[in-house]
Every structure is written in C-alpha cells, then in structure tokens.
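The block underneath contains the structure these notes are about, expressed in structure tokens.
FYI, it's all coordinate maths here, none of it is from the lab. Small disclaimer: the values here were computed from a predicted structure and weren't measured. Note that each Cβ is placed from the backbone with ideal geometry, even for glycine, and that neighbours are counted across all protein chains shown.
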Ligand SMILES: Cc1cc2nc3c(=O)[nH]c(=O)nc-3n(C[C@H](O)[C@H](O)[C@H](O)COP(=O)(O)OP(=O)(O)OC[C@H]3O[C@@H](n4cnc5c(N)ncnc54)[C@H](O)[C@@H]3O)c2cc1C
Ligand SMILES: Cc1cc2nc3c(=O)[nH]c(=O)nc-3n(C[C@H](O)[C@H](O)[C@H](O)COP(=O)(O)OP(=O)(O)OC[C@H]3O[C@@H](n4cnc5c(N)ncnc54)[C@H](O)[C@@H]3O)c2cc1C
Ligand code: SF4
Ligand code: SF4
Ligand code: FES
C-alpha cells in the first residue's frame, strides 16, 4: 500500500503525483521506472517513469498522462488515498557520464522521464541543450524545471502558441548541424516522435538514446510482452531497457505492438468515461 | 479416455466398496488387482470448455478407499523410490484403505508440505506411479495405483474439515532468514526454517505470492484458493511476506545480508525467462509467450473480462508451439477464452510429449487439435503487423539422441501453411538473470542456473538456492524437495 502524498494537475490531461515508496526512493536512479497496480484483484499493471525521488521523505514523483482506464483511475486518487501496489525501481538506469554536449529532446509527456536524465547529465558536467515540444502551450510540462537546468532551451509547439511553430525534429537537425556537433542525443516522447528524432540524427552520426514505452505486465523479464526488435535482435524493454540505441530500434513493429489491445481498451476507456460522467452527475445532485 | 459422469463413477464405487467390506477375509493380491481403477470424476468436457473451474472434481471417500485397496503393500515399495520426497506411500494407502484418512494425511505430511498441490500436479506416471507393481502387473502405467489422487483426496478432506494442525514453532532464536520468491521451493524453506524459531521474511516480486502456482498453472487445474491457504498457513506461523519487492532492484541481495541483518538467504526465484523460437515474425501482434498469455489470464484474471482491467487477446484460431504442461495449459486456456480452433504443434509424437498424460487427455477431450511431427518455421502477418498464418514443416523420427528420445528430422519440402491469428510459444523457460547479474560472486552455469553443492549452498557463504532456478524448469515436488534440503542446511548453519 502506497499513500498519495501530493497531487497536482499540470495540464488538462497530465497529473503529477508524489507517492510514498521509501525503498524505491532509496535505490532508484535516473531512467528507471515503477509498475503500479490500483487494485490487486482486478487492476492492470502499468509502467510509469520515476520522474523524481526524495529519499529523505521516502517518496517518488510520477508524472502521467491520462490515456486510458488505469491512468484515469489513478488521476482520480486524492491525497491520503492509497495505491495498492508499486513495484520498482525497474529497468537499467541511464548511462550517465561526461560526454561533452548532450541534446535532450522531450515530446509531450516525455519531458517527465527526460527531466531526471537531463538533471543527471548536467550534474555529470555536460553542456545541456533541451528541446521541448508539445501540441499546444497548455500541454507543455516542467518548463521551469528544464529552464533552470539547460544551457540552452528550445521550445516548439505544433500550433505555435508558444516558442517555435514546428516539430522537435527541426531544431534537433539544426543542433546536429552545428560544429562541433553534439556528442549525444536523448529523445523521449511518443514512439513516432522518437522514430523521427532517430532519423534526424542518423545522417549526422550523433548517437541517440531513446526510452521505449511498450506494454508491460511483470516488468522483471518474465512475460516477454514488452519485447522489441533492436538491431535485428529481440530485447525485453523492462530488463534490457527501457533505453536503447534509437538508430537500431524497429519503431514500426513497436508501434503496431502498442496497438494490440486497442479495440479492447477503447471499449474499457469509453466505459470508464461513462462511469465518471455518471459519478459526476450523482455528485452534482447531492 | 472417454468421459463418464461423476454420479455413475461414485455409485459404482459405493457398490464395489460395500461388496468388499461385507467379506470377512482380507483381500488376496489377485482380488486387489481385480478392483477396478477408480477414474477421476471430472466436469463434462462440453461444459468445462466454457468455464475456469477445476476440471478434476476429486474422489469420493468410497473411491479413495477402493483405490487405496488396489495397493499390494509391496515389501520393497518401489513407488517410494519414484517419489522425489520419499513419501511412505504404502503406509498412507493402508490407512486410507481402512478409511482412516486422518492418519493417511499425517503420514504424507511427514515428507511433503504441499500434498493438495502435488496430488494435483505431480507427473505421477513418471514418478511414484511409474514403478508401481500394480501398473507393472496390469502392463499399463495408467492402471497403477492412483497414488496422487488419493493423496489429493486426503489433503482436501483435512483442509475442508479445518483439521490441519498448526505446526509447533520453537522459541525465537533472534536469527533472520530472507527467502526470495514465493513458489513451492520458497514456501517449503519458509515453513521449515520458521519452525526452528528463526524469523523468516519472504520477498516476492509479484503482487501475489505463490510463484508459478498462481501465475502459470491455471485455475482449472489448481484452484488459487489452495495455494492461498498454504500462504495463509505460513503467515499464521509468523512468516513475514513482502510482495512487490524485487530483489536485485528494490534491494540487492548483499544489502539484505550486510545492511539489513539477514543471517542467511534462500534464492527460489524460478525459471521465469520465456524462450522464443528465434523465427521470422515472432514479434508480430498476436504472438505471445505462454508466460504472458497465462499470466494475463490467471494472475491478472483477464478471463473475467467483465471485472478485470487487463485485456487479453481474443483469438479465433490459435497455434500453441510445444508439448509440455505449459503448452497444454496455454491451449486449454485459449479454448476457454473462446477460440474456435486451437492447434497444438509438437515436433515429436505423443509418446515423447513431456506433458502429464492426464493433461493431454483432458486437452483432447476439450477439443484441442494435436499436430504431431510438425514444427513452426515462420510466422506471417498482414500490413497491420498482425498474425495471419504460421508456416510449418513436417518431421519424421530418426535415431535416438542423448536423452534416448528419437530425434525429429525435418522432411525436406514439406512446408505448409496453417491459418491462425494467434501463436503462443510454449517451448520452455530459462532462468531469470536478475539476481546473478546484481550479485557479485554468485556462480551460475552457462544456462544461467545457480550452482549449488549437495547441501543447497551456492558459491556465496550463507546463501542457498533451490527449485527451478537451480534445476531449470522442473516440477513442483522437485522444487519442494530442494527447499527441504536447503532449509535443513540453513537450520544447521544457524545452529553453529
Ligand atoms: C518504461 C515506461 C515508462 C513509462 N513512463 C510513463 C510516464 O512517466 N508517464 C506516462 O504518462 N506514461 C508513461 N508510460 C506509458 C504508460 O505506461 C501508459 O500510458 C499506460 O500504461 C496506459 O495505461 P491505461 O490503462 O491508462 O491506458 P490503456 O487503456 O491501457 O491504453 C490507452 C491507450 O494508450 C495506449 N497504450 C497502452 N499502453 C501504452 C504504453 N505503455 N505506452 C504508450 N501507449 C500505451 C494504448 O494503445 C491505448 O491506445 C511509460 C511506459 C513505459 C513502458
Ligand atoms: C504453465 C506451467 C505449468 C506447469 N505445470 C506443472 C505441473 O503440472 N506439475 C508440476 O509438477 N510442475 C509444473 N510446472 C513447473 C512448476 O510450476 C515449477 O517447477 C515450480 O513452480 C518451481 O518452483 P520454484 O519455487 O522454483 O519457483 P516458481 O514457482 O517459479 O516461483 C518463483 C517466484 O519467485 C519470484 N521472483 C523471481 N525473481 C524474483 C526476485 N528477484 N525477487 C523477488 N521475487 C522473485 C517470481 O515472481 C515467482 O513468484 C509448470 C510450470 C508452468 C510455467
Ligand atoms: S508427492 Fe508426487 S511423486 Fe510423491 S507420492 Fe505424491 S504424487 Fe507421487
Ligand atoms: S508399488 Fe504400487 S502396489 Fe506396491 S506399495 Fe507402491 S503403490 Fe502399493
Ligand atoms: S514486462 Fe514482462 S518481460 Fe518485460
């Protein structure tokens, strides 16, 4: 049982939560994630990155987007309520060292998992360029935190409501074209964004790390549900990753696998919205 | 094997037992051999295809007594040598034949901690029953005394009557033992070590304890409540249970010993790393490891679609690759989840199949279609990346290999396509590398199994291991036996 210590709505569909998890807070390193389950009998297990941790308070911070059934139910949790299971820290920590110049690219909610990595890179003495992208101004998260870290911050939105009106790949290409070129790129966001970021850096031969968000169950290498093809080999994201060489990942296959339960989930999600609507109406009537 | 209704089986047993009891002379061996083998009452295949409830319903008391009377009470008891934990089989069968079921279970419990589980899932035909004189005399191992079924009966009876005695626990020693994993090996260690008065803490990665018995073996073969009751018995003894704790990540093994003060550690983490075939198309949508498929259905309860949040792939035509218990479980689960056709593709023939005979028979009754001497070559998909068919190739049996089994040899040019939308790979498991990877100095084999000596001790001081992590994918009773041995060594070590 893990208590919700704080909850903040970062944007219309992004929530930040601080959750009690002293053992995880003690051991975790940037790049690692947890798997949580709201209800041990019938709940689903979903992976979320540890966006931050406070070993003194014994808490971890999660930042998540409400996309389906479980993330919606999680967003409904209030301070003082409990999450039944939290397992972690899982996955290989990010390889952090002094590379020189590191460009970190975050798309949408991907900025959340990117933040601890950017912080680690900065602390290791790297020059840090951060590129953040979102569909629109309201969906941009952790802007201040990133501004405080980055030596250079580039913001872009699809609609131009803030920063440049373009996709993150555009400034990424420009940065890669500079001399000297960056020593490493880290791109985290929707699979399609990571795919095009990897394509953008490839001609410049800038090593590119991506963090994959496949569907998972156990998170310990037991089921193989999280497997992806990397450089022609099968890898398990939960134990071999979540970070991989973006130039080697078969993104098309991964995106197809992410949609495996789409018909099922759309139904569950719809159901979940109906239920919350009913709940809302009932609350109004009271 | 054709299905007979439970009522008919039980009525027959009542009549047969009456006839035996009326006699005043003891049964001669010949008469014992003439007692009909007691068939296990089971749910009607047509009905059970649509539910997750247990297939085998268990003997009636009359059946249990009659089956026990079939035992010849052999002096040398060859059956005992076949049981990995050496249960006094003639001893408990004698008591059961007399209707003294309480004594029967007490005899079993001297050696086995999990009789209700082992009675259900032991591959008896290659263990205790393989050597049974009755089976030899009747020239059919399947007509040997059904030792496991009687074992299950007396264990269930004791449990249902709430007659199980809480074990006596020695005074607290102040010593502390960490048990990693909560499968049968770990459950055994926890009980045996706790009884000596040591504090025991189990660390389990999943949110529920029980290991393969809860995430792998389906409800229709081993009801979860039986495993849960074993766990409850442990916690009643004072064993502490930490779920959602993955050793190597939440805490390293060495930190448990050096910083958290554990005096000894037992590693019972099982063989949880699914093998894949390494063939083209294996990462298409609709290809699953049996572990994933079964975990979704069992542990996450996806079969109960109305209540569970975890989805499971809805399939029309399923191919299961493999021939062991895991393959049978996956195939029979697919049937229950509503697949119209389920094929089981196996490289050899039924004789070589490692699955329990009863599981193969049950799978057939439930309509699983067996394809022997065939193997998957390639999985094909559509433009959405979803499985559309499986390319197979036919085999014939060649010369025996090192294991004595005839080696399957590919027939050139025999490729053919099988139209399926789901492929479940059930060709076995390797060991999970997490603990060896995060524990310096822990020696493993090239297959990743932890190396132990004859006492169950690993290459590290005060660290013991047992079960599938040592043996490779094996059986519940072997895991339990390994647990017993390691627990004895731990107790001896802590006495020093
Ligand atoms: C290592 C890792 C770290 C992650 N970290 C974060 C994080 O920090 N914040 C965050 O918001 N999300 C993160 N995710 C994604 C998150 O796990 C999913 O959003 C979540 O599982 C969706 O659950 P749901 O029940 O709400 O939605 P579902 O009903 O399961 O799915 C809703 C929709 O989301 C898609 N979907 C399902 N699972 C995933 C997935 N794993 N990734 C992407 N799309 C998915 C489905 O196809 C469907 O269209 C991470 C994933 C991984 C593997
Ligand atoms: C589908 C299936 C069907 C089977 N059918 C039969 C059968 O009919 N008869 C039979 O005798 N045998 C059968 N077996 C085999 C039998 O289940 C195993 O041999 C037995 O369960 C092994 O026991 P164990 O204690 O070694 O480990 P397991 O039962 O594998 O349990 C290991 C536990 O350790 C946990 N764990 C792993 N790593 C960590 C970690 N780092 N930290 C904390 N916890 C960890 C796992 O989550 C798991 O719960 C079957 C196996 C499968 C998969
Ligand atoms: S534990 Fe298994 S092998 Fe031993 S007697 Fe019972 S059924 Fe047979
Ligand atoms: S071998 Fe068979 S008949 Fe002989 S004692 Fe064992 S169970 Fe009884
Ligand atoms: S989530 Fe099961 S193996 Fe990765």
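Can you sort B:495, B:356 by how many other beta carbons sit within 10 Å, fewest first?
B:495, B:356
Starting from the Kirkwood Rh over alpha-carbon pairs, what translational D in µm² s⁻¹ does the range B:350-487 have by Stokes-Einstein at 4 °C and 1.567 mPa s?
Values: Rh = 18.7 Å.
Estimated via Stokes-Einstein, D reaches 69 µm²/s.
Take every DSSP beta bridge with both residues inside the protein assembly as shown and express the antiparallel ones as a percent of the total, to the nearest 5.
Working: 55 of 111 bridges.
Bridges in the protein assembly as shown that DSSP calls antiparallel: roughly 50 percent.
So, in nm, how far is label residue A:57 from label residue B:18 when the simple model puts each one 7 Å beyond its Cα toward the Cβ?
7.6
Please list the equivalent ellipsoid semi-axes of the protein assembly as shown, computed as the square roots of five times the alpha-carbon gyration tensor eigenvalues, in descending order and whole angstrom.
Numbers: eigenvalues 526, 176, 123 Å².
Gyration-tensor ellipsoid for the protein assembly as shown: 51, 30, 25 Å.
Above 17 Å lies some portion of the pair distances; for the range B:364-443, what is it as a whole percent of all C-alpha pairs? Please report the intermediate quantities before stating the final value.
Values: 2125 of 3160 pairs.
So the pairs more than 17 Å apart make up 67 percent of the total in the range B:364-443.
Sorted from fewest to most neighbouring beta carbons within 10 Å, what does the list B:79, B:37 look like? Write down the numbers at each step before the final one.
Working: B:79 27, B:37 17.
Starting with the residue having the fewest Cβ neighbours, the order is B:37, B:79.
I want to check the label-to-label distance for residue A:9 and residue A:97. Put each point 7 Å from Cα in the C-beta direction and report it in nm to one decimal.
4.6
Rounded to the nearest angstrom and ordered from largest down, what semi-axes does the equivalent ellipsoid of chain B get from its C-alpha gyration tensor (root of 5λ)? Intermediate values should be presented prior to the final figure.
Values: eigenvalues 239, 225, 87 Å².
Equivalent ellipsoid of chain B: 35, 34, 21 Å, largest first.
For the range B:274-429, give the share of DSSP beta bridges that are antiparallel, in percent and rounded to the nearest 5; count only bridges with both residues there.
Details: 16 of 33 bridges.
Of all bridge pairs located within the range B:274-429, approximately 50 percent are antiparallel.
Based on alpha-carbon positions alone, could you give the equivalent ellipsoid semi-axes of the range B:274-429 from the gyration tensor, as √(5λ), descending, whole Å? It would help to have the intermediate numbers written out before the result.
Values: eigenvalues 131, 70, 34 Å².
In descending order, the three semi-axes are 26, 19, 13 Å.
How many nm is it between the label spots at residue A:41 and residue B:140, if each spot is 7 Å from the Cα in line with the beta carbon?
4.5
If you build the convex hull over the alpha carbons only and average its shadow over all orientations, what do you get for the range A:176-271? Give it in nm² to one decimal.
Mean projected area for the range A:176-271: 7.0 nm², to one decimal.
Cα centroids of the range B:136-205 and the range A:114-158: how far apart, whole angstrom?
Taking the Cα centre of each part, the range B:136-205 and the range A:114-158 sit 55 Å apart.
Which of B:266, A:82 has the fewest other C-beta atoms within 10 Å, and how do the rest follow up to the most? List each step's numbers first, then the result.
Details: B:266 31, A:82 14.
In increasing order of surrounding Cβ atoms, one gets A:82, B:266.
Over the alpha carbons of the range B:137-248, what is the largest minus smallest coordinate on each principal axis, giving the biggest first in Å?
55, 31, 27
Which three lengths, in whole Å and largest first, does the range B:6-161 cover when its Cα atoms are put on their principal axes?
That works out to 45, 35, 34 Å along the principal axes.
As a check on your grasp of the helix formula, calculate [θ] at 222 nm for the protein assembly as shown: sum -39500 (n - 2.57) over DSSP H runs of n ≥ 4, divide by the residue count, round to the nearest 500. Could the numbers behind the result be given before it?
Numbers: 29 runs with 267 residues, N = 782.
Result for the protein assembly as shown: -9500 deg cm²/dmol, rounded to the nearest 500.
Given R₀ = 35 Å, what would the calculated FRET efficiency be for residue B:445 paired with residue B:103, taking r from the Cβ atoms and rounding to 0.05? All intermediate terms of the calculation are to be shown ahead of the outcome.
Details: r = 43 Å, r/R0 = 1.22.
Once rounded, the FRET efficiency stands at 0.25.
Within chain B, what percent of beta bridges assigned by DSSP are antiparallel, to the nearest 5? Present the calculation step by step, with values, prior to reporting the outcome.
On the way: 20 of 53 bridges.
Around 40 percent antiparallel, to the nearest 5.
What is the Cα convex hull volume of the range A:101-259 when expressed per residue in Å³?
Numbers: hull volume 17.9 nm³, N = 159.
Looking at the range A:101-259, the number lands at 113 Å³ per residue.
I want to verify the translational diffusion coefficient of the range A:2-90 in µm²/s; compute it with Stokes-Einstein, Rh as the Kirkwood radius over Cα pairs, at 4 °C and 1.567 mPa s. Mind dumping the intermediate values first?
Working: Rh = 12.8 Å.
So the translational diffusion coefficient is about 102 µm²/s.
Return a whole-number percent for the relative contact order of the range B:418-496, with Cα pairs under 8 Å and 6 or more residues apart as the contact set. Mind showing how you got there, number by number?
Numbers: 84 pairs, mean separation 18.4, N = 79.
Averaging sequence separation for qualifying contacts and normalising by length gives 23 percent for the range B:418-496.
Could you grab the relative contact order for chain A? Cα pairs under 8 Å, six or more apart, rounded to a whole percent.
Values: 611 pairs, mean separation 44.6, N = 286.
It rounds to 16 percent for chain A.
How large are Rg and Dmax for chain A when calculated on the C-alpha trace, in angstrom?
Taking only Cα atoms of chain A, I get Rg and Dmax of 18.8, 65 Å.
Full-extension gain between residue B:11 and residue B:350, please, as 0.36 nm times their residue separation minus the C-alpha to C-alpha distance. Walk me through the intermediate numbers first.
Working: separation 339, 0.36 × 339 = 122.04 nm, distance 3.32 nm.
Separation in residues times 0.36 nm, less the Cα-Cα distance, equals 118.7 nm.
Relative contact order of chain B, please, whole-number percent, based on alpha carbon pairs below 8 angstrom and at least 6 residues apart.
Working: 1031 pairs, mean separation 72.4, N = 496.
Once normalised by length, the contact order is 15 percent.
Gain in length, residue B:305 to residue B:46, computed as 0.36 nm per residue apart minus the alpha-carbon separation, to one decimal in nm? Mind showing how you got there, number by number?
Numbers: separation 259, 0.36 × 259 = 93.24 nm, distance 2.11 nm.
Additional length available on full extension: 91.1 nm.
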